[in-house]
Amino acid sequence: MDPILITAVMVGFLGGVHCLGMCGGVVGALTFSLDPKVQASWWRMLPYQMAYNVGRISSYILIGGLFGFMGASIGSIVTFLPVQQFLQVIAGLFMIALGLYLGGWWFGVVVIERLGQAIWQKLSPYTKRLGAVKTIPQAWLYGLIWGWLPCGLVYSMLIMAMSSGGATDGALIMLAFGLGTLPNLLLMGVFAFYFTKLARNLWVRRFAGLSVILMGGWQLYLALTTTV
C-alpha cells in the first residue's frame with residue numbers, strides 16, 4: 001500500500017477526537033432525526049449510520065479528485081516537482097498545526113476552519129428541505145452535505161491530495177482518509193455518549209495530537225528530502 005495512503009488513513013483515525021468534537025452535533029442531529037423505532041435498536045440504526053458516512057466519504061472523494069486535478073493542472077504549467085514539494089510542506093505544517101490543536105497547545109487552526117463556514121451556511125439549509133430521514137438513500141444525501149462541513153483535518157488532507165499529481169490519486173487519498181475516520185464516527189452514531197466522553201479526555205486528545213504532529217513532521221521530512 002502506498003505510504004501516503006497509509007498516512008491518510010492514520011491521520012483520519014488519530015484525528016478522530018477532532019471529528020467527534022467537530023461532527024458530534026451533526027451526528028446527534030442525524031441520529032435523532034431517525035424514526036424512534038430505528039433509534040431503539042443499534043442494528044436497525046447501523047445501515048442509516050453507514051449511509052450517512054458513505055455520503056460523507058463520497059463528498060471527500062469528489063473534492064479530493066477536484067483538488068488533485070487542480071494540482072496536476074498547475075504542474076502542467078510550471079515544473080511540477082517544486083510545486084509538489086511546496087504543497088507537501090504546507091500539508092505537513094498544517095498537520096503539525098492540527099496536532100497542536102488536538103493536544104490543546106495551540107488553536108490557530110480554528111481561524112482557518114471558520115473561513116469555510118460560508119460554504120457550510122449555504123449548504124446546511126438543504127438538510128432541512130430533506131425532512132426527517134425515512135430511507136437509506138435519504139440518509140446518504142444527508143451525508144453528502146455533511147461532507148462539506150468546515151474541518152481543519154479535511155483541509156490538511158486536501159492539500160496532500162493537491163500534491164498527489166492527479167485527480168485519481170487525489171480521490172484515493174481522500175477515500176483513505178475517509179475510511180480512517182469511519183470507525184470513530186460510525187461508532188459515535190451508535191454509542192454517542194461514550195465516544196463524546198472519550199473525545200474530551202485530555203490524555204486521549206494529547207496522544208492523538210502528538211501522533212498527528214509526528215506524522216506532519218514525517219511529511220515535512222519526505223517533502224524536503226525529495227530530489228529531482
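Structure summary
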item: Debye intensity ratio in log₁₀ form over the Cα atoms of the stretch 95-187, taken at each q of 0.10, 0.12, 0.21 Å⁻¹; result: -0.34, -0.49, -1.21
item: Full-stretch length increase - Ser76, Ala118 - with 0.36 nm per residue and alpha-carbon distance subtracted; result: 12.0 nm
item: Estimated vicinal HN-Hα couplings, Hz - the stretch 154-166 in sequence order (Karplus 6.51, -1.76, 1.60; Gly, Pro = x); result: 5, 4, 5, 6, 5, 5, 5, 5, 5, 8, 6, x, x
item: q = 0.11 Å⁻¹: log10 I(q)/I(0) that the Debye formula gives for the chain, counting C-alpha atoms only; result: -0.54
item: Which of Ala40, Val133, Cys151, positive extreme of dipole for the chain (C-beta unit charges); result: Ala40
item: Charge dipole magnitude, Cβ of K and R +1, D and E -1 - the chain, Cα centre, debye nearest 20; result: 760 debye
item: Calculated [θ] (222 nm, deg cm²/dmol) that DSSP helices of n ≥ 4 give over the chain, each run adding -39,500 (n - 2.57); result: -27000 deg cm²/dmol
item: Cβ-Cβ FRET estimate between Trp106 and Lys134, R0 fixed at 41 Å, reported to 0.05; result: 0.40
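No value in this document is a laboratory result; all are computed from the given coordinates. This structure is a prediction, so every number in the text was calculated from the model and none was measured. Backbone-built Cβ (ideal geometry, glycine too); neighbour counts: all protein chains shown.
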